[in-house]
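Worksheet for the structure shown next.
The values are calculated or read from the model by the stated rules, or taken from the named source; none is laboratory data. Owing to the predicted nature of the structure, the values given are computational and were not obtained by experimental measurement. So basically every Cβ, Gly included, is an ideal-geometry build from the backbone, and we count neighbours across all protein chains shown.
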Amino acid sequence: MKNKDNRFLLYKGKYHYLSAPEMRLFRKLEELVKDKYEGKYYIVPQVNLGSLLYLVNMKNRSFWWYLWNRVSRKTLDFGLFTKEDFKIKLAIELLDHTHGIEGRTRRDKFVDKVLEKSNINVLWVEKDLSNLEDIKKHL
């Protein structure tokens, strides 16, 4: 019988929590929030989509779990939350190279629709950050 503790050797800590493009966006968001919005918002990276939503109760629990699993396993690049009451003000997704992959495109459409129907604004930021100033439309 193999030692079951060996399976834990497969886990390794990440050297960086954010990718280089995400870090660049984070720094720009910090400047923007500090300078133009007087620090009214917290910038939270890697926000679990399920943390922003709840599902209405339904009799069919297996369908409820199916719907819940579709959102609870997805992560948004950033969320802007109000400092006053920690409400989500804006979800932010960076359109880096991973968003061109077919499965990822389906995921993005799903996330966009879920956020829209949940009345949560989302800003899809181009990888060169050229549309970052569009944040003003949401704040």
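Listed values, structure above:
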{"read-out": "Yes/no for residue 90 being under 16 Å from residue 75 (Cβ atoms), surrounded by 11 or more Cβ atoms within 10 Å (Cβ to Cβ), in contact with a His (Cβ under 9 Å, 6 or more places away or on another chain) and modelled with pLDDT of 90 or more", "value": "yes"}
{"read-out": "Residue within the stretch 43-59 that is over 17 Å from residue 96 (Cβ atoms), in contact (Cβ under 8 Å) with a residue 24 or more places away in the chain, among the polar types (S, T, N, Q) and not in a helix (DSSP H, G or I) present", "value": "yes"}
{"read-out": "Count of the stretch 43-87 residues which are loosely packed, with under 12 Cβ neighbours inside 10 Å, hydroxyl-bearing (Ser, Thr, Tyr) and within 18 Å of residue 138 (Cβ to Cβ)", "value": "0"}
{"read-out": "Subset of the stretch 93-120 that is within 16 Å of residue 21 (Cβ to Cβ) and touching a Lys or Arg at 6+ places or on another chain (Cβ under 8 Å) - its residue that is surrounded by the most Cβ atoms within 10 Å (Cβ to Cβ)", "value": "94"}
{"read-out": "Residue ID - surrounded by the fewest Cβ atoms within 10 Å (Cβ to Cβ), chosen from residues in the stretch 11-42 that are of a type in the set (Lys, Arg) and in a helix (DSSP H, G or I)", "value": "27"}
{"read-out": "Count of residues meeting criterion [outside any helix (DSSP H, G or I) and of a type in the set (Gly, Ala, Ser)] in the stretch 98-129", "value": "1"}
